[in-house]
Amino acid sequence: KAGTPYAKCWSYTSGYTHGFINVSEALEVSCNYFFYETAYRLGNSDEGTTEEGIAKLNEYMEAFGLNTVSGIELEESESNMASPEYKEETIKWQNPDATTSQTRWTDGDTIRAAIGQSVNNFTPAVMTKYIATLANGGTRYTMHMIDRVETADGIVTEQKTPTVENTIDIKEENLKAVYQGMLAVTSGSRGTL
């Protein structure tokens with residue numbers, strides 16, 4: 001239902017599956033299929049809600065700041081979250097004669113967007129800010145590369161202070177599950193270094 005190439009977990013090509021897993025274990029083993037299924041359930045073509053799925057996923061990505069620039073004191077490119085509009089724009093930029101069937105949004109686009117593929121485009125600074133927001137329990141700060149500017153004789157001419165951009169209400173049990181999974185990536189018995 002989600003198009004070709006068929007979505008599957010990387011382990012499937014090696015001849016095994018992860019079996020029944022929870023979100024912590026899915027993070028540890030980097031199970032694409034777990035996250036594909038989660039995204040698919042946000043909306044699907046059988047119910048006529050394909051675009052509702054990516055809209056819901058984008059709500060979450062926006063809350064973590066994946067639709068903004070990081071705020072660092074250097075020029076940076078804007079991020080682009082996967083969406084029906086951005087897919088069409090990208091494909092038509094590459095092929096002005098692209099057909100509607102080539103540019104339309106599908107369930108496959110949504111599930112691939114959920115694992116960071118599809119037409120997502122994020123800078124390393126924005127990804128760092130996203131992870132920092134998660135590590136901060138849902139508090140997103142403006143990112144800075146400096147904390148202050150001083151003259152040669154030590155006079156502070158500019159001071160940066162922590163500025164909260166957004167606070168996401170995340171249940172403690174959900175944060176713990178994600179933290180456990182992220183830690184298990186590097187220290188778990190099935191981690192995916």
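The values are calculated or read from the model by the stated rules, or taken from the named source; none is laboratory data. Quick caveat, the model's predicted, so the values are computed rather than measured. With ideal geometry, Cβ positions are generated from the backbone for all residues, glycine too; neighbour counts draw on all protein chains shown. Note: areas computed on protein heavy atoms with side chains; ligands, DNA, RNA excluded. Shrake-Rupley method; radii C 1.70, N 1.55, O 1.52, S 1.80 Å.
Things to note:
- Kirkwood-type radius of the range 89-145, with distances r between different C-alpha atoms, in Å: 13.9
- Environment charge of GLN102, counting only residues whose C-beta is closer than 11 Å and scoring Lys/Arg +1, Asp/Glu -1: +1
- Within the shell of other residues whose beta carbon sits under 12 angstrom from the beta carbon of THR123, the net charge comes to -2, with Lys and Arg scored +1 and Asp and Glu -1.
- Local electrostatic count at THR90 - Lys and Arg +1, Asp and Glu -1, tallied over other residues with Cβ under 15 Å: -2
- Taking every alpha-carbon pair under 8 Å whose residues sit at least 6 apart, the range 65-193 reaches a relative contact order of 22 percent.
- Per residue accessible area in Å² of the chain, where ligands, DNA and RNA are left out and the probe is 1.4 Å: 63
- Spin-label proximity, TRP93 to the range 99-135 - amide N less than 13 Å from point 7 Å beyond Cα toward beta carbon: 119-122
- The range 84-193 - Debye-derived log10 I(q)/I(0), Cα point model, q = 0.10, 0.16, 0.20 Å⁻¹: -0.55, -0.97, -1.11
- Kirkwood's formula applied to the C-alpha pairs of the range 25-114 gives a hydrodynamic radius of 14.6 angstrom.
- Per-residue ellipticity at 222 nm from helix content only, as computed over the chain with -39500 (n - 2.57) for each DSSP H run of at least four residues, stands at -13000 deg cm²/dmol.
- Those residues of the range 63-83 whose amide nitrogen sits under 12 Å from the label point placed on MET145, 7 Å along Cα→Cβ: 71-77
- Heavy-atom accessible surface of the chain: percent carbon and sulfur, 1.4 Å: 52
- Taking all pairs of distinct alpha-carbon atoms in the chain, Kirkwood radius in angstrom: 18.9
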